[in-house]
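The block underneath contains the structure these notes are about, expressed in structure tokens.
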Amino acid sequence: QVQLVESGGGLVQAGGSLRLTCAASGSIFSISSMGWYRQAPGKQRELVAAITSGGSTNYADSVKGRFTISRDIARNTVFLQMNSLKPEDTAVYYCKATLRRAIVVRNSDYWGQGTQVTVSS
């Protein structure tokens, strides 16, 4: 059993900041990558930022220069620091981990339950 628990969402004014946290727990052998996705009402889920086990990062163009993803490998935790927030950042933010539960098992994707981020203008 693997669980991803997100926290840190909320309501903030435009220009403000929030920090999201996602902790993975359970039967985990190794984590290949962790990332954040978001889904606004009526829109498809999209990648916001991701980080690999080697530390490589990838960002959506819309958040480059404003959001920073980081991780704590020892605690299987990933963070998303969101600065200069805009109303268009409003969405449910989901954490995803690509991981192996055992050495003989292939990577699989696991998702958190989502956390709401609302940016008021």
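So the values come out like this:
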| item | result |
| --- | --- |
| List 29, 79, ordered by accessible area with a 1.4 Å probe, largest first | 29, 79 |
| By accessible area with a 1.4 Å probe, ligands and nucleic acids excluded, highest first: order of 92, 78 | 92, 78 |
| Straight-distance crosslink candidates among aspartates and glutamates, where the alpha carbon sits under 13 Å from residue 64 and sequence neighbours closer than 8 are dropped | 89 |
| Residue 84 accessible area, 1.4 Å probe, all protein chains in place, Å² to nearest 10 | 60 Å² |
| Residues of type aspartates and glutamates that residue 96 reaches as a straight line, Cα spacing below 16 Å, ignoring anything fewer than 8 places off in the same chain | 6, 46, 72, 109 |
| Heavy-atom SASA rank of 36, 111 (probe 1.4 Å, accessible area, largest first) | 111, 36 |
| Rounded FRET efficiency, nearest 0.05, which uses the C-beta distance separating residue 13 from residue 107 and R0 of 41 Å | 0.55 |
| Between the stretch 27-53 and the stretch 94-109, the Cα center-to-center distance that results, in Å | 12 Å |
| With all protein chains modelled, accessible area of residue 17 [1.4 Å, Å²] | 60 Å² |
| Probe 1.4 Å - accessible area at residue 117, Å² to nearest ten | 0 Å² |
| Computed over the stretch 15-117, Kirkwood Rh from alpha-carbon pairs, angstrom | 14.0 Å |
| Where N is the number of residues in the stretch 1-66, Cα Rg divided by 2.2 N^0.38 Å | 1.28 |
| Whole-number percent relative contact order across the chain, with pairs defined as alpha carbons under 8 Å at least 6 apart | 36 percent |
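The values are calculated or read from the model by the stated rules, or taken from the named source; none is laboratory data. In this text, all values refer to a predicted model and were calculated from it rather than measured experimentally. Heads up, the Cβs are rebuilt from the backbone with ideal geometry, glycines too, and the neighbour counts pull from every protein chain shown. Note: accessible area is taken over every heavy atom of the protein model, side chains too, but ligands, DNA and RNA are not part of it. Shrake-Rupley method; radii C 1.70, N 1.55, O 1.52, S 1.80 Å.
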